[in-house]
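First up is the structure itself, then whatever we jot down about it.
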Amino acid sequence: MKCVVSIGSNAVDAASAVDAALKFLQSILSGMSKSDIYSTPALGNGHGVYFNAVACGYSDRSADELNRLFKEYERLHGRDERARHSGIVPVDLDLVVFGTQILRQSDFDRDYFRIGYSQLSQVSDQG
């Protein structure tokens, strides 16, 4: 099944956190392509600048299983209650598209996703 994942972080080492998450995704998604890592301003009352990327690949796992893997990865990399209360996002992985279904419409519509998704669309249109 085709999977499109949004990755973000606003931690001190955000670009490194996003890069590490992309490497993790490459280990579980076959045929993965990825956008560049780019920055976007925080939304609403968010803190600082976010570094983001979008990855697209394929998996035989269910959406629920992928989401469990993503949330476990987040926890292992510091996304806990203390981080939530401080407004720091060490890493955020969200399964936005699964197959032909948009699972997270609000993410799909936001610039922090659309920038990377657009890069992936341009690459697939050229290839």
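The values are calculated or read from the model by the stated rules, or taken from the named source; none is laboratory data. Quick caveat, the model's predicted, so the values are computed rather than measured. Because the Cβ atoms are built from the backbone with ideal geometry, glycine has one as well, and the counts that use them run over all protein chains shown.
Brief remarks on what is shown
- Between LYS71, LYS34, LYS23, the distinction of being of a type in the set (Lys, Arg), closer than 19 Å to TYR117 by Cα, modelled with pLDDT of 95 or more and exposed (fewer than 15 other Cβ atoms within 10 Å of the Cβ) belongs to LYS23 only.
- Number of the condition not met by LEU43 [criteria: (1) aliphatic (A, V, I, L, M); (2) more than 18 Å from ASP109 (Cβ to Cβ); (3) surrounded by fewer than 19 Cβ atoms within 10 Å (Cβ to Cβ)]: (2)
- Filter pass, LYS2 being within 19 Å of PHE113 (Cβ to Cβ), in contact with a Gly (Cβ under 9 Å, 6 or more places away or on another chain) and surrounded by fewer than 15 Cβ atoms within 10 Å (Cβ to Cβ): yes
- Being basic (Lys, Arg) and part of a loop (DSSP other than H, G, I, E, B) is a property that holds for ARG79.
- Tally of residues being in a helix (DSSP H, G or I) and not aliphatic (A, V, I, L, M) across segment 53-76: 10
- Qualifying residue in segment 28-47 (condition: under 28 Å from GLN122 (Cα atoms), part of a helix (DSSP H, G or I) and without any contact (Cβ under 8 Å) to a residue 12 or more places away in the chain): no
- Scope segment 82-93; condition assigned to a loop (DSSP other than H, G, I, E, B) and farther than 17 Å from LYS23 by Cβ; matching residues: GLY87, ILE88, VAL89
- VAL96 closer than 16 Å to LYS23 by Cα, under 14 Å from the mean Cα position of the chain (by Cα) and surrounded by 15 or more Cβ atoms within 10 Å (Cβ to Cβ): no
- Of all residues in segment 46-68 being hydrophobic (A, V, I, L, M, F, W, C) and within 17 Å of ASN10 (Cβ to Cβ), the one that is surrounded by the fewest Cβ atoms within 10 Å (Cβ to Cβ): VAL49
- Pick from segment 99-125, criterion acidic (Asp, Glu) and outside any loop (DSSP other than H, G, I, E, B), ranking: nearest to the chain's Cα centre (by Cα): ASP107
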